[in-house]
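Read the structure below first, then the notes.
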Amino acid sequence: MNLADRNFFKQNATELAPKLLGMTLCHVNSKGLRKTGIIVETEAYMPDDPACHASRGKTKRTLPMFEEGGMSYVYLIYGMYYCFNIVSGEKDSGQAVLIRALEIPDHSHAKEAAGPGKLCRYLEITKEQNGILLAKENNLWLENSVKLQPFEIISAPRIGISAGKEKLWRFYIKNNNSVSKK
DNA sequence: GAAATGATTGCC
DNA sequence: GCAATCATTTCT
């Protein structure tokens, strides 16, 4: 992907979510240490979807979801874990893709990012990274993965929600060990 | 102002 | 099976 091409993020979350699979998410933490992982599991959240935080209008928390596609949306869940989302679509539409799991290139850290809370802990993503544009100069960005084998995409119901369970808006790489749930 | 809730995780 | 733990939301 061309990093300058912000239009990539302007498609709907349901279209973007499967396309993010296989891409590498990169973060440079406060100590200047770079942590990366290949995205292997995502979920789409749309404006008219009861499970989506933005479905009942703008609030202080969901403000980044109403910015243009390509922003980050990070929030605290259950008082102890952060979840990282990539905002999608046009400005003011209120949609995003939750990143649920990463495959870590360094084998000694296998499975440490297999889950939305775990990957934020591993990459050291906190609310400090909320509402920033994904770009290398912001220390948080996406890259195409090198030497990636072809893979098959599975779509399945989303995890941990009470409404909208019927929608198959979770996408993951088939047979990948770092996916959080089968 | 008070109460409920949650896009999770790990331990019992 | 369920406790941990707290910012935000949704009631009074």
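Could you tell me which GluC sites (Glu not before Pro) in region A:96-126 are loop residues by DSSP with no more than 14 other beta carbons within 10 angstrom of their beta carbon? Please list the in-between numbers first.
Details: sites: A:GLU103, A:GLU112, A:GLU124; in loops: A:GLU112, A:GLU124.
Passing sites in region A:96-126 do not exist.
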Item to check | Residues of chain A: accessible area per residue with a 1.4 Å probe, Å² | outcome: 51
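Once the other residues with Cβ under 13 Å from the Cβ of A:ILE132 are scored (Lys, Arg +1; Asp, Glu -1), what is the net sum?
Details: positive: A:LYS127, A:LYS136; negative: A:GLU67, A:GLU68, A:GLU128, A:GLU137.
Cβ neighbours under 13 Å give a net charge of -2.
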Checklist entry - What ³J(HN,Hα) values, in whole Hz, does the Karplus curve 6.51 cos²θ - 1.76 cosθ + 1.60 give for region A:72-86 when θ = phi - 60°, with x put for Gly and Pro? => result 9, 10, 10, 9, 8, 10, 6, x, 8, 10, 9, 10, 10, 10, 10
Checklist entry - Which cross-chain or sequence-distant (5 or more) residues have an amide H under 5 Å from the amide H of A:PHE84, H modelled 1.01 Å from N in plane? => result A:ILE99
Checklist entry - Just from its helices, what would the mean residue ellipticity at 222 nm be for chain A, if runs of 4 or more DSSP H residues each count -39500 (n - 2.57) and the sum is divided by every residue, rounded to the nearest 500 deg cm²/dmol? => result -2500 deg cm²/dmol
Item to check | Whole-angstrom Cα spans of region A:2-59 along principal axes, big to small | outcome: 38, 25, 23
Checklist entry - With N residues in region A:1-156, what two-decimal value do you get for its Cα radius of gyration over 2.2 N^0.38 Å? => result 0.97
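Just reorder A:ARG6, A:ARG56, A:ARG100 by solvent-accessible area, largest first, 1.4 Å probe, all chains present. Kindly include the intermediate steps, with their values, before the conclusion.
Working: A:ARG6 55, A:ARG56 200, A:ARG100 15 Å².
Sorted descending by solvent-accessible area, the residues read A:ARG56, A:ARG6, A:ARG100.
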Item to check | In range of the label at A:LYS19: residues from region A:78-122 whose backbone nitrogen is under 12 Å from the point 7 Å along Cα→Cβ | outcome: A:88-90
Checklist entry - Short version: ³J(HN,Hα) in whole Hz for each residue of region A:40-53, in order, from phi by Karplus 6.51 cos²θ - 1.76 cosθ + 1.60 (θ = phi - 60°), x for Gly and Pro, what are they? => result 10, 8, 9, 9, 9, 10, 9, x, 8, 9, x, 7, 7, 4
Checklist outcome for this item: Normalised per residue, the volume inside the convex hull of the alpha-carbon atoms of region A:23-114 in Å³ amounts to 119
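What FRET efficiency, computed as 1/(1 + (r/R0)^6) with R0 = 35 Å and r the Cβ-Cβ distance, is obtained for A:ARG121 and A:LEU148, rounded to the nearest 0.05? List each step's numbers first, then the result.
Details: r = 25 Å, r/R0 = 0.71.
Approximately 0.90, to the nearest 0.05.
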Item to check | Binned Cα-Cα distances of region A:98-182, short to long, each 10 Å bin given as a whole percent | outcome: 14, 40, 38, 8
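The values are calculated or read from the model by the stated rules, or taken from the named source; none is laboratory data. Source: prediction; values computed, not measured. As a convention, Cβ positions derive from the backbone with ideal geometry for all residues, glycine included, and neighbour counts pool all protein chains shown. When the accessible area is computed, the model is the full protein with side chains, heavy atoms only, and any ligands, DNA or RNA have been set aside. Shrake-Rupley method; radii C 1.70, N 1.55, O 1.52, S 1.80 Å.
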